[in-house]
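Working notes, beginning with the structure itself.
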Amino acid sequence: MRIKICGITEPHQSIAIASFGATALGFICVPTSPRYVTIEQIQAAVAKLPDKIDKIGVFANSNISEIQQTVIASNLTGVQLHGDESPEFCHQLRQSLPQVEIIKALRVRNLEQLETTANYIEYVDTLLLDAYHPQQLGGTGQTLDWQMLQAFSPNRPWFLAGGLTPDNIIDALNQLHPNGIDLSSGVELSPGNKDLNKVALLFQRLKSV
Ligand SMILES: O=C(O)c1ccccc1NCC(=O)[C@H](O)[C@H](O)COP(=O)(O)O
């Protein structure tokens, strides 16, 4: 299973979290986020990471040239689209960045919206389901209605996100079978400052899965 820790801002934390066993790290490229990082900060955070770690830039409603510029300058291996990007936008991004993993995040409010994931299947590599929040795009600590996801079985790998913590992760994975999990505020001291004790506890608990 893929384990993505998102909202990294500090180089020493990115190295520590990779050494605990994270398979992917996420860097927030959304200027309004308290976890926002510049290209220079991403470069510093990824510089000493092993090649096998996926380095994902998280964008929301950015244009293709901004995304392309950041991906190339920061050596990112993937892009997570966390705004209102359409399937057509994902298709265009694929033409511009053919070697880069495209993850479409959907902030799921109800079953009808969950069904819109089908529109993205042919244009993205991976889906990510996050919780809906009326004011914030991500990193909110809100959990999804896991009951609503019981029958979710898309024709693409998918990440479960939204309010996951070391305390609820086993419960989540007993109920759902995602290909990956994504955590941010549940392993933080404050936005962008990860709590390495909580990250270590997470990986310890995941050993039993
Ligand atoms: O984390 C942010 O600040 C953020 C801002 C704008 C768009 C996306 C953002 N985060 C995306 C993520 O992938 C988070 O890991 C995801 O929302 C889960 O967060 P949390 O509920 O805190 O675990």
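Overview of values
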{"quantity": "Counting DSSP beta bridges with both ends in the chain, the antiparallel % (nearest 5)", "calculated": "5"}
{"quantity": "Surface share of carbon and sulfur [accessible, 1.4 angstrom probe, percent] for region 2-206", "calculated": "47"}
{"quantity": "Sum of -39500 (n - 2.57) over DSSP H runs of 4+, divided by residues of the chain (222 nm, nearest 500)", "calculated": "-8000 deg cm²/dmol"}
{"quantity": "Using θ = phi - 60° and Karplus 6.51 cos²θ - 1.76 cosθ + 1.60, couplings along region 2-14 (whole Hz; Gly, Pro as x)", "calculated": "7, 10, 10, 10, 10, x, 7, 10, 10, x, 5, 6, 5"}
{"quantity": "Share, in percent, of DSSP beta bridges within region 89-209 that are antiparallel, nearest 5", "calculated": "15"}
{"quantity": "Net charge of neighbours whose Cβ lies under 14 Å from the Cβ of Ala18, counting Lys and Arg as +1 and Asp and Glu as -1", "calculated": "+3"}
{"quantity": "Sequence of Thr140, Thr32 when ordered by accessible area, the most exposed leading, probe 1.4 angstrom", "calculated": "Thr32, Thr140"}
{"quantity": "Protection proxy ranking, peptides 76-87, 174-185, average beta carbon neighbours within 10 Å, highest first", "calculated": "76-87, 174-185"}
{"quantity": "Around Gly180: net Lys/Arg minus Asp/Glu count, Cβ-Cβ under 9 Å", "calculated": "+1"}
{"quantity": "Net charge dipole size for the chain [Lys, Arg +1 and Asp, Glu -1 on Cβ; Debye, nearest 20]", "calculated": "520"}
{"quantity": "Whole-number accessible area per residue in Å² for the chain, which is evaluated in the context of all protein chains at 1.4 Å", "calculated": "46"}
{"quantity": "Long-range tail of P(r) for region 2-206 (Cα pairs > 32 Å, %)", "calculated": "9"}
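The values are calculated or read from the model by the stated rules, or taken from the named source; none is laboratory data. Computed from a predicted model, the values in this text were never measured in an experiment. Reconstructed Cβ throughout: ideal geometry from the backbone, glycine too, with neighbour counts over all protein chains shown. Side chains are part of the model used for accessible areas, which takes the heavy atoms of the whole protein and leaves out ligands, DNA and RNA. Shrake-Rupley method; radii C 1.70, N 1.55, O 1.52, S 1.80 Å.
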